[in-house]
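The block underneath contains the structure these notes are about, expressed in structure tokens.
FYI, it's all coordinate maths here, none of it is from the lab. Predicted model only: the values in this text are computed from it and were never measured. Using ideal geometry, Cβ is built from the backbone for each residue, glycine included, and neighbour counts are taken over all protein chains shown.
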Amino acid sequence: MKQLIKEPVVWFMLVAVVLFAAEGAISSRQDAIIINDKVTARITALWTAQMQRPPSEQELEALLNSWVKEEMFFREALRLGLDQNDTIVRRRLVQKYNFMMEEVESQEISQQDLLGYYQRNQDKYHLPERITFSNILFKSQNKATETLATMTNEADWRSLGVATLLPDRYARRSYKEVGYALGTEFASGLAKITDSKWGGPIQSSYGYHLVRIENRLPAEAIPFESIVDKVSYDFLKEQAEANLERSANALRSRYPLVHE
């Protein structure tokens with residue numbers, strides 16, 4: 001017996017048995033599904049938020065049983081590698097990671113931070129030149145030109161031209177907005193009119209217009225006080241994108257690229 005104990009192979013087998021038993025004990029503990037106050041509180045809170053009341057004892061027991069079943073299925077799916085090479089799972093995990101990395105504590109942002117961001121990004125917070133004008137639509141350029149030459153009583157201008165569902169007056173529109181409504185060619189022609197008398201005709205996608213400029217408002221910055229919420233949203237968005245980029249840069253050393 002003493003001779004047997006001295007054999008190296010015997011010691012190797014004993015050590016292997018001990019390690020196997022220890023691994024089994026650890027694995028058993030790791031595989032345990034633990035239901036504690038934290039789990040119960042989270043499930044109760046989710047139910048309460050959805051149903052607007054706390055669950056009864058029977059409902060809570062059913063919810064916990066459902067959670068245990070879901071947890072078992074989830075762990076078994078991971079064990080079987082069902083999360084591997086699945087585009088939907090991959091995108092969902094990446095999305096959750098992005099949300100986590102983009103998180104910014106809004107309560108830590110001061111009014112001075114927002115004001116500084118607003119001043120650094122003035123191009124984002126300004127009103128372009130805006131124009132108010134009346135217009136009369138004609139189907140032909142000749143008819144528009146003839147009408148302009150014979151207009152005597154401007155009080156009756158709304159009765160001129162053809163009937164249309166288009167507005168006869170546009171108020172405080174930027175040239176970009178005018179372009180969306182009547183075409184870029186019309187907006188360009190409108191910008192060339194300098195006086196407040198009837199002028200034109202200017203062509204649009206609908207026909208030919210006689211135009212009278214009523215008012216022009218110069219480009220101006222939007223006051224900070226009136227768009228604090230918008231500035232705050234933009235600032236948080238920029239900070240979130242910066243956090244995500246910093247995370248990506250930090251991970252590049254952990255996951256080097258290999259081109260094969």
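If you take all other residues with their beta carbon under 15 Å from the beta carbon of Ala187, and give Lys and Arg +1 and Asp and Glu -1, the sum is +3.
Which of the GluC sites (Glu not before Pro) found in the range 194-237 are in a DSSP loop and have at most 14 neighbouring Cβ atoms, other than their own, within 10 Å?
none
Here is the link list: Lys96/Lys124; Lys38/Lys96; Lys192/Lys230; Lys96/Lys237. Which ones come out longer than 27 Å on Cα distance?
Details: Lys96/Lys124 30 Å; Lys38/Lys96 22 Å; Lys192/Lys230 34 Å; Lys96/Lys237 16 Å.
Flagged as over cut-off: Lys96/Lys124; Lys192/Lys230.
Taking θ as phi - 60° and the Karplus parameters 6.51, -1.76 and 1.60, the scalar couplings of the range 110-117 work out to 9, 4, 5, 4, 5, 5, x, 5 Hz in sequence order, x denoting glycine and proline.
From the alpha carbon centroid of the range 61-92 to that of the range 113-153 is 58 Å.
Would you work out the charge dipole size for the range 37-84 about its Cα centre, treating the Cβ of every Lys and Arg as +1 and the Cβ of every Asp and Glu as -1, and quote it to the nearest 20 debye?
Working: 6 positive and 8 negative charges, 25 e Å.
With only Lys, Arg, Asp and Glu charged at Cβ, the dipole is about 120 debye.
Stretched out straight at 0.36 nm per residue, the stretch from Glu57 to Ser188 would grow longer than its current Cα-Cα span by 40.0 nm. Cα-based values for the range 147-260, radius of gyration first and Dmax second, are 25.2, 81 Å.
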